[in-house]
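The values are calculated or read from the model by the stated rules, or taken from the named source; none is laboratory data. Predicted model only: the values in this text are computed from it and were never measured. Cβ: placed from backbone, ideal geometry, glycine included. Neighbour counts: every protein chain shown.
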Amino acid sequence: MIYSQHAEEINRSATKGLLPLIGIIFAVKLALIAVPTIISSLHGLGHFF
């Protein structure tokens, strides 16, 4: 009984720790895709002005 409660607590803290990590990884991947796109679009705008 005590063991299962402890395991549930570990599971809960693990998912709480994992979700922000997944969010950070997703944000980094998104930034890696978005930044070159923004830079290239800025270069494109720079040619117009």
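The set of residues from the range 18-48 being among the aliphatic types (A, V, I, L, M) and more than 23 Å from the chain's Cα centre (by Cα) comprises 42, 45.
Residues are listed down the side, and each one gets a yes or a no for (1) part of a helix (DSSP H, G or I); (2) loosely packed, with under 10 Cβ neighbours inside 10 Å; (3) touching a residue at least 12 places away in the same chain (Cβ under 8 Å); (4) among the small types (Gly, Ala, Ser):
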position: 4; (1), (2), (3), (4): yes, yes, no, yes
position: 7; (1), (2), (3), (4): yes, no, no, yes
position: 13; (1), (2), (3), (4): yes, no, no, yes
position: 18; (1), (2), (3), (4): yes, no, no, no
position: 25; (1), (2), (3), (4): yes, no, no, no
position: 34; (1), (2), (3), (4): yes, no, no, yes
position: 41; (1), (2), (3), (4): yes, no, no, yes
position: 47; (1), (2), (3), (4): yes, yes, no, no
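For residue 15, indicate whether it is among the β-branched types (Val, Ile, Thr), within 21 Å of the chain's Cα centre (by Cα) and modelled with pLDDT under 90. Here the answer is yes, as residue 15 does meet what is asked.
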